[in-house]
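The values are calculated or read from the model by the stated rules, or taken from the named source; none is laboratory data. Bear in mind that the values here come from a model prediction, so they are computed numbers and not experimental data. As a convention, Cβ positions derive from the backbone with ideal geometry for all residues, glycine included, and neighbour counts pool all protein chains shown.
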Amino acid sequence: MKILVVCLGNICRSPAAEVILREKAKGVDLEAHIESCGIGDWHVGQRAHHRMIEAAGRRGLQLDGRAKQFKTSYFEEFDLILAADQSVFDHLISQAPDKKAKEKVRLYTHFSSSHQGKDVPDPYFGGEEMFDEVLDMLDEVLGELALLLKQQN
């Protein structure tokens, strides 16, 4: 299974989600290829935001990827495309070439029992605690997702 996690600029939520989902997939023995990107080009080639790197590091997570921008070819390459929030979801749906592509797009929280349908807040303009809150939310919802996907396979 190939999964793509998407946020705005690929420096906060999606790089963290990529690493967390990889860990969760390993934890339930789910074979998955996981990547991340952003819908915008503002940060292409940059590392994750330093506050997200620090917050993730305190949890033993290493964010060492570089930001990249979403390409429409990803609709063919990935089985599941997860959007951090409704604005990212709407953007992805507007780029989808057909119904099959649209059906691949879901919110990060789509499969969550406690956060279903909620946006994962963007910590970029928030304080340090917001990065930890986002990581807590990602840990929970992506853990549920990995378990569900394992059960379906």
Restricting the search to region 104-115, which residues are without any contact (Cβ under 8 Å) to a residue 40 or more places away in the chain and either surrounded by 12 or more Cβ atoms within 10 Å (Cβ to Cβ) or among the aliphatic types (A, V, I, L, M) (or both)? Lys104, Val105, Arg106, Leu107, Thr109, His110, Phe111, Ser112, His115
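Could you identify the single residue in Asp64, Asp90, Asp29 that is assigned to a loop (DSSP other than H, G, I, E, B), out of contact with any strand residue (DSSP E or B) (no Cβ under 8 Å at 6 or more places or on another chain), of a type in the set (Asp, Glu) and farther than 22 Å from Lys150 by Cα? Explain how you work it out, then say what you get.
Values: Asp90 fails: assigned to a loop (DSSP other than H, G, I, E, B); Asp29 fails: farther than 22 Å from Lys150 by Cα.
Exactly one of Asp64, Asp90, Asp29 is assigned to a loop (DSSP other than H, G, I, E, B), out of contact with any strand residue (DSSP E or B) (no Cβ under 8 Å at 6 or more places or on another chain), of a type in the set (Asp, Glu) and farther than 22 Å from Lys150 by Cα, namely Asp64.
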Can you find a residue in region 5-17 that is in contact with a His (Cβ under 9 Å, 6 or more places away or on another chain), surrounded by 21 or more Cβ atoms within 10 Å (Cβ to Cβ) and among the small types (Gly, Ala, Ser)? yes
Per-region count, region 35-65, residues within 18 Å of Leu4 (Cα to Cα), of a type in the set (D, E, K, R), over 14 Å from the mean Cα position of the chain (by Cα) and modelled with pLDDT of 95 or more: 2
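Which members of region 40-60 meet the condition of being surrounded by 21 or more Cβ atoms within 10 Å (Cβ to Cβ), in a loop (DSSP other than H, G, I, E, B) and hydrophobic (A, V, I, L, M, F, W, C)?
Of the residues in region 40-60, the ones surrounded by 21 or more Cβ atoms within 10 Å (Cβ to Cβ) are 48-49, 52, 55-56.
Of the ones still in play, those that are also in a loop (DSSP other than H, G, I, E, B) are 48-49.
Ala48 - this is the single residue of region 40-60 that is surrounded by 21 or more Cβ atoms within 10 Å (Cβ to Cβ), in a loop (DSSP other than H, G, I, E, B) and hydrophobic (A, V, I, L, M, F, W, C).
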Of all residues being free of Cβ contacts under 8 Å to residues at least 60 places away in the same chain and of a type in the set (Val, Ile, Thr) in region 50-93, which is nearest to Lys104 (Cα to Cα)? Just the residue, please. Ile93
Suppose we filter region 121-136 for residues that are surrounded by fewer than 21 Cβ atoms within 10 Å (Cβ to Cβ) and in contact (Cβ under 8 Å) with a residue 24 or more places away in the chain; how many remain? 5
